[in-house]
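Read through the structure below, which is laid out as structure tokens, and then see the notes.
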């Protein structure tokens with residue numbers, strides 16, 4: 001396991017520096033007693049308003065993860081702390097059911113997950129994502145799932161049932177095709193080829209699944225884009241998305257450190273192209289620009305994506321699942337309640 005590599009947390013008044021080799025980071029699971037599970041998003045360039053994150057932090061340890069700064073709000077670091085001090089929300093399914101029972105809820109689409117992967121390894125033990133998806137199926141609420149993990153295959157039976165009663169969008173993220181580069185930048189994720197197998201297994205179950213080139217890392221993953229899209233289409237994907245690399249705050253520090261250590265011969269080229277697409281900086285947070293970048297290089301990458309998806313017959317989408325095509329949300333009949341005159345299930349209480 002890698003030594004501790006945590007950028008200083010700007011919200012803390014103290015920091016620790018090690019004079020010798022830093023200690024090995026070990027897994028620590030922290031339970032979150034939050035009283036709410038639905039996160040509201042008001043960003044105009046994202047395709048969803050509501051998300052559920054059963055876990056905070058992520059074992060996958062992707063160097064580019066834009067959710068890393070969220071750990072600083074917990075008085076933790078955005079580096080190794082984000083990867084090994086993981087927060088679980090054990091009441092997530094119960095809280096989701098409570099949210100759906102509120103009169104104000106109208107059955108809008110919910111994304112799993114807006115931040116960290118809902119199928120990271122902890123899910124194999126805790127089953128919080130599956131529990132939440134069971135609630136989604138119970139209430140027939142539209143749903144989107146984005147993941148890198150083959151663990152989603154465990155829930156094919158539930159996903160088929162959910163797709164039967166509500167709109168369901170599944171997306172597998174694959175930013176690289178070369179396994180060595182993938183291992184360098186996202187060290188604890190299944191290989192790209194294994195993720196293609198996940199697309200195939202979901203598609204064979206009759207589920208609509210897409211692939212997300214997210215993030216596209218210039219000078220590192222862009223040359224893989226046509227290969228990934230072709231492999232995903234051949235495996236049964238029907239949709240594809242594209243998100244340019246985002247490096248907010250401490251993410252840039254983690255990303256650059258990992259890049260220089262693992263792929264030193266590529267580092268300067270990658271960082272130069274990121275700055276070229278981000279008005280001379282490593283990050284540009286302006287809405288409209290942050291998802292796709294600007295300038296000739298970013299425009300060329302987007303043009304390659306669009307040309308390839310047209311050639312392959314893939315639908316395209318912005319970050320997030322497409323809007324639901326049908327309103328299906330329905331609260332289950334309360335114990336002891338009566339059906340209406342025509343025997344229909346009540347849509348709300």
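Restricting attention to the range 229-245, report how many residues are within 19 Å of residue 183 (Cα to Cα) and out of contact with any helix residue (DSSP H, G or I) (no Cβ under 7 Å at 6 or more places or on another chain).
Number satisfying all stated conditions: 0.
Output the number of residues of the range 219-230 satisfying the condition of being buried (at least 23 other Cβ atoms within 10 Å of the Cβ) and at pLDDT 95 or above.
So the count comes out to 2.
Please pick out the residue among 182, 190 that is closer than 15 Å to residue 266 by Cα, modelled with pLDDT of 95 or more, under 18 Å from the mean Cα position of the chain (by Cα) and not in a strand (DSSP E or B).
One residue alone meets the criteria, 182.
Please tell me if residue 108 is touching a residue at least 40 places away in the same chain (Cβ under 8 Å) and crowded, with 20+ Cβ neighbours inside 10 Å.
For residue 108, the condition - touching a residue at least 40 places away in the same chain (Cβ under 8 Å) and crowded, with 20+ Cβ neighbours inside 10 Å - is not met.
When you scan the range 193-204, how many residues do you find that are surrounded by 15 or more Cβ atoms within 10 Å (Cβ to Cβ) and under 18 Å from the mean Cα position of the chain (by Cα)?
5
I'm trying to understand the selection: among the residues of the range 237-260, which are at pLDDT 95 or above and either under 20 Å from residue 307 (Cβ atoms) or surrounded by fewer than 18 Cβ atoms within 10 Å (Cβ to Cβ) (or both)?
Within the range 237-260, 237, 238, 239, 240, 256, 257, 260 qualify.
Tell me, yes or no, whether the range 197-210 has at least one residue that is without any contact (Cβ under 8 Å) to a residue 40 or more places away in the chain and either within 22 Å of residue 306 (Cα to Cα) or assigned to a strand (DSSP E or B) (or both).
The answer is yes, given that some residue of the range 197-210 is without any contact (Cβ under 8 Å) to a residue 40 or more places away in the chain and either within 22 Å of residue 306 (Cα to Cα) or assigned to a strand (DSSP E or B) (or both).
Select from the range 67-86 the residues that are surrounded by fewer than 24 Cβ atoms within 10 Å (Cβ to Cβ), under 18 Å from residue 119 (Cα atoms) and out of contact with any helix residue (DSSP H, G or I) (no Cβ under 7 Å at 6 or more places or on another chain) and list them in ascending order.
If the condition is that a residue be surrounded by fewer than 24 Cβ atoms within 10 Å (Cβ to Cβ), under 18 Å from residue 119 (Cα atoms) and out of contact with any helix residue (DSSP H, G or I) (no Cβ under 7 Å at 6 or more places or on another chain), then 67, 84, 85 are the ones that fit.
Based on what the data block shows, is residue 247 part of a helix (DSSP H, G or I) and touching a residue at least 12 places away in the same chain (Cβ under 8 Å)?
It is false that residue 247 is part of a helix (DSSP H, G or I) and touching a residue at least 12 places away in the same chain (Cβ under 8 Å).
Just to be sure I understand, how many residues within the range 266-286 are free of Cβ contacts under 8 Å to residues at least 12 places away in the same chain and more than 26 Å from the chain's Cα centre (by Cα)?
First pass over the range 266-286, keeping only residues free of Cβ contacts under 8 Å to residues at least 12 places away in the same chain: 267-268, 275, 280-281, 284, 286.
Right, trim to more than 26 Å from the chain's Cα centre (by Cα) and you get 268, 280.
Total meeting the criteria: 2.
Between 263, 207, which is in contact with a helix residue (DSSP H, G or I) (Cβ under 8 Å, 6 or more places away or on another chain), modelled with pLDDT of 95 or more, surrounded by fewer than 24 Cβ atoms within 10 Å (Cβ to Cβ) and closer than 25 Å to residue 282 by Cα? So that I can check it myself, show each step before the final result.
On the way: 207 fails: closer than 25 Å to residue 282 by Cα.
None of the others qualify; the one that does is 263.
Those residues that are touching a helix residue (DSSP H, G or I) at 6+ places or on another chain (Cβ under 9 Å) and more than 22 Å from residue 75 (Cβ to Cβ), I need them from the range 26-42; list them, please.
Residue satisfying the conditions is 38 alone.
The values are calculated or read from the model by the stated rules, or taken from the named source; none is laboratory data. Being a predicted model, the structure only gives us computed values, none of them experimental. Neighbour counts run over all protein chains shown; Cβ positions are idealised from the backbone, glycine included.
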